Amino acid sequence: MYFMDQRVLGRTGRHVSVVGLGTWQLGADWGDVREQDALGVLDAAVEAGVTFFDTADVYGDGRSERLIGRYLRERPDAGVFVATKMGRRADQLPEHYVLDNFRTWSDRSRANLGVDTLDLVQLHCPPSSVYSSDAVFDALDTLVAEQRIAAYGVSVETCAEALTAIARPGTASVQIILNPFRLKPLEHVLPAAAKAGVGIIARVPLASGLLSGRYTKETVFAGDDHRTYNRHGESFDQGETFSGVDFETGVEAAAEFAALAPGGMTPAATALRWIIQQPGVSSVIPGARSPEQARANAAAADAPALPRATLDAVRELYDRRVRARVHHRWS
């Protein structure tokens, strides 16, 4: 196994690889993924130095968690830190975020993953009012005391939600969308997290694949791929699909972004390297549907640092082409 750079994941006190693996795809929410193929992705990531998997109890209705659990039973030497999420199994009402449900949800994840104590549980983009509830965070503290979970964090949609969660003394980490098409977290969220000792997990790093540079306006995704059925927020928050950028604008901006990639680097590696270089980021969690993708994503950890000219060009592209076309919640 290759050893990748490690960073402390906030108040968990644990070290994780700077490039992790997002496993939404392995739940088959991006189109069908065979079990052996999914296990091959996990193995390729670990062999490339990844020590951090991010999953959720709703990815494939628990399929992603179960696959990770199986893999780690077969590879007990892998040394992987697993973060999962809870809260989306119920209707998104604040009154559902209570201790009894937290126990039920976390117990199901413990069974799926085959562990007594979950490394990290994140509230999965709950209603905004949940972040201001003392009772919610008291309940999370109870899960820690009961050793159901070792630490807790949040996965957020907006910067305001992130800042509210960071102010909570027990919040270990914040997961937020961050990529060259979503720069707003750089202004306040990352500095506040660094000051508080809260880890930052950067999700949707390739803007649902846009930043790979592989798509055109004629690209058609499968009907069971969220890039088809949630393009306008029909099933969950629109920001989770293409980072809230309309597809046509995103394709055009992605073509310009690809031209900024330094010689020898792919657009995807350039996007991941850009995130890695943002102060305060603990880990970035690209997904992968093949071992080759997993290895290519992990390789971004060793890519040369992007020069200032490239960083400035990314900002200029965002300001000129993307900012005005992103929904106001995320711009």
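I need to check one value: relative contact order of the chain, counting alpha carbon pairs closer than 8 Å and at least 6 residues apart, in percent. Relative contact order here is 22 percent. Compared with the alpha-carbon gap, the fully stretched path from A305 to D246 is longer by 18.3 nm at 0.36 nm per residue.
Considering all different alpha carbon pairs of region 211-324, the Kirkwood hydrodynamic radius works out to 15.3 Å.
Spacing of the modelled spin labels on D134 and Q278, each 7 Å from Cα toward Cβ, amounts to 3.3 nm.
Relative contact order of region 1-117: 24 percent, from C-alpha pairs under 8 Å at least 6 residues apart in sequence.
Using the 1.4 Å probe convention, the accessible area of region 207-331 works out to 43 Å² per residue with neighbouring protein chains retained. Bridge orientation summary for region 125-213: considering DSSP beta bridges with both residues in this region, about 10 percent are antiparallel.
For region 11-95, evaluate the Debye formula with one uniform point scatterer on each Cα (no solvent term) and list log10 I(q)/I(0) at q = 0.18, 0.24 Å⁻¹, rounded to two decimals. Rounded to two decimals, the profile gives -0.76, -1.20. Return a whole-number percent for the relative contact order of region 132-192, with Cα pairs under 8 Å and 6 or more residues apart as the contact set. The value is 30 percent.
When +1 charges are put on Lys and Arg Cβ atoms and -1 charges on Asp and Glu Cβ atoms, the dipole computed for the chain relative to its Cα centre reaches about 620 debye. Rounded to the nearest 5, the antiparallel percentage of DSSP beta bridges internal to the chain is 20%. Determine the shape class of region 42-133: with a ≥ b ≥ c the square roots of the Cα gyration tensor eigenvalues, call it rounded for a/c under 1.5, and otherwise prolate if a/b is greater than b/c, oblate otherwise. It is prolate, given that a/c is not under 1.5 and a/b is the larger ratio.
With all protein chains in place and a 1.4 Å probe, the accessible surface of the chain carries 51 percent carbon and sulfur. The helix-only estimate of mean residue ellipticity at 222 nm for the chain, built from DSSP H runs of length n ≥ 4 each weighted as -39500 (n - 2.57), is -10000 deg cm²/dmol after division by the residue total. Ranked from largest to smallest solvent-accessible area, with a 1.4 Å probe on the protein heavy atoms, S235, S109 come out as S235, S109.
Could you tell me what fraction of 2.2 N^0.38 Å the Cα radius of gyration of region 99-229 comes to, as a two-decimal ratio? That works out to 1.21 for region 99-229. Each Lys and Arg contributes +1 and each Asp and Glu -1, all at the Cβ; summed about the Cα centre of region 150-229, the dipole is approximately 200 debye. Between Q122 and T84, K85, M86, G153, the built amide H atoms are under 5 Å apart, and every one of these is 5 or more places off in sequence or on another chain. With a 1.4 Å probe rolled over the protein heavy atoms of all chains, the accessible area of H188, H124, H96 falls in the order H188, H96, H124, largest first. Computed over region 267-331, the percent of Cα pairs more than 21 Å apart is 36. Here K217 is the anchor, and the lysines within straight C-alpha reach of less than 29 Å, apart from those fewer than 8 places off in the same chain, are K184. For the set R75, R103, the ranking by accessible area, highest first and with no ligand, DNA or RNA atoms included, is R103, R75 under a 1.4 Å probe.
Close amide-amide hydrogen proximity is noted between V284 and V19, G20, A202, each under 5 Å apart and 5 or more residues distant or on a separate chain (H modeled in the peptide plane; Pro and chain starts excluded). Remark on the chain: hydrodynamic radius 19.7 angstrom, per the Kirkwood mean of 1/r across alpha carbon pairs.
The values are calculated or read from the model by the stated rules, or taken from the named source; none is laboratory data. It should be emphasised that the depicted structure is a prediction, and the values quoted were computed from it without experimental measurement. As a convention, Cβ positions derive from the backbone with ideal geometry for all residues, glycine included, and neighbour counts pool all protein chains shown. Remember, those area values only see protein heavy atoms, side chains included, never the ligands or the DNA or RNA. Shrake-Rupley method; radii C 1.70, N 1.55, O 1.52, S 1.80 Å.
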